[in-house]
Amino acid sequence: MLLWLFRTKKRGADRPKKRSGLEMFRIIDDVMKSGKLFLDPELCLNRIAAESGMNRTYVSQTLGKYAKGYYSYVNEYRLRYAFEILTDVSRMPVTLTELASCSGFSDERAMNKYCLKAYGITASHYFSRRKVSH
């Protein structure tokens, strides 16, 4: 009996430490920022999971808890990047389609849809106002 207890405790010590949800979110967020994964229009949960060293379910649950879900999380990064481009005149693209593409959105429609949902204004409207002022 004593030998069994010793072996059980020893095996438990070999297991990796379980991470908290916030730790997992920080890892995912670091991977997203450093690798700029959001710029890939075909980004999926499996890629984020592979890059962060977690399984797909943990990534999905973590993003659901700390970031309103996968799509909102990724699209928020994409919009921030697009607005960053719009504030830098030297990087400003010629068309909204180019802006959507270089920000990781699949197309202009997808960017407009998410921008409207998140900020109450379409990217087209914001972009046209920016072009007129420059």
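The values are calculated or read from the model by the stated rules, or taken from the named source; none is laboratory data. Here the structure is a predicted model, which is why all the values come from computation and not from measurement. No Cβ is skipped: glycine too gets one built from the backbone with ideal geometry, and neighbour counts run over all protein chains shown.
Here are a few things to note about the model shown:
- Candidate set from the stretch 79-105 (those that are of a type in the set (Ser, Thr, Tyr) and surrounded by fewer than 12 Cβ atoms within 10 Å (Cβ to Cβ)); member that is modelled with the lowest pLDDT: 90
- Residues that are in a loop (DSSP other than H, G, I, E, B) and at pLDDT 95 or above, drawn from the stretch 1-36: 36
- Qualifying residue in the stretch 111-121 (condition: at pLDDT 95 or above and outside any helix (DSSP H, G or I)): no
- Test: residue in the stretch 84-93 that is in contact with a helix residue (DSSP H, G or I) (Cβ under 8 Å, 6 or more places away or on another chain) and among the polar types (S, T, N, Q): no
- Elements of type helices (runs of 4 or more DSSP H) in the stretch 37-97, at least 1 residues being in contact with a Lys or Arg (Cβ under 7 Å, 6 or more places away or on another chain) and closer than 19 Å to residue 116 by Cα: 70-87
- Count of the stretch 17-52 residues which are in contact with a Gly (Cβ under 8 Å, 6 or more places away or on another chain) and more than 15 Å from residue 75 (Cα to Cα): 2
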